[in-house]
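No value in this document is a laboratory result; all are computed from the given coordinates. Only a predicted model underlies this, so the values are computations on that prediction, with no experimental measurement involved. Cβ sites come from the backbone with ideal geometry, for glycine too, and all protein chains shown count toward neighbours.
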Amino acid sequence: MRAQSVEGDIKCPYCGDAQDIIHDDGYGYEEDQPHEQQCSYCHKVFIYYTSIHFYYDAQKADCLNDAEHQFEKTKTYPPEYARLKCKTCGMEKNI
């Protein structure tokens, strides 16, 4: 018998082994629906529910408030397709 995993998305409710959720063909992303998966350690089938959370990180964008954009040339291949892109807000324009 192999050693139990210590990292993964969740733990098997039967044996406690760490499991990575398998999302083949997009399976298991629907919220508020039970999804089935078999434990790779004890081989028992369990259900799990998906909950999606969003994280937001606010940053100042002075260039969107009357300050100058800080443009940099994009690294593009071939180089003749490069554009200028603002380091702060991501706005792009032609060179």
Dipole magnitude of the chain, debye to nearest 20 (Cβ charges: Lys/Arg +1, Asp/Glu -1, about Cα centre): 440 debye
Top positive-direction residue, dipole computed over the chain with Cβ charges, set His53, Pro79, Tyr29: Pro79
Exposure rule at most 16 other beta-carbon atoms within 10 Å, DSSP loop trypsin sites (Lys or Arg not before Pro): the chain longest free segment: 3-43
Nearby lysines by direct alpha-carbon distance to Lys11 (threshold 22 angstrom, same-chain neighbours under 8 apart not counted): Lys44
Selection of chymotrypsin sites (Phe, Trp or Tyr not before Pro), segment 39-82, meeting DSSP coil and at most 10 other Cβ within 10 Å: Phe54, Tyr55, Tyr56
Point-to-point label distance, Gln70-Glu30, nm (Cα→Cβ direction, 7 Å offset): 4.7 nm
Excluding exposed DSSP-loop GluC sites (Glu not before Pro) (at most 12 other C-beta within 10 Å), longest clean stretch of the chain: 31-67
Fraction of the pair-distance distribution of the chain above 16 Å, Cα-Cα pairs, percent: 70 percent
Length added when fully stretched, Ile10-Tyr77, from 0.36 nm per residue minus Cα-Cα: 20.0 nm
Mean Cα-pair separation over length for the chain, i.e. relative contact order, pairs under 8 Å, 6 or more apart, %: 15 percent
Reachable lysines from Lys85, criterion Cα separation under 30 angstrom, eight or more residues apart if same chain: Lys60, Lys73, Lys75, Lys93
The chain: most fluctuating residue of Asp17, Asp62, Asp32 per GNM, C-alpha cutoff 10 Å: Asp62
Residue among Cys12, Cys63, Cys39 with the largest mean-square fluctuation in a Gaussian network model of the chain, springs linking Cα atoms under 10 Å: Cys63
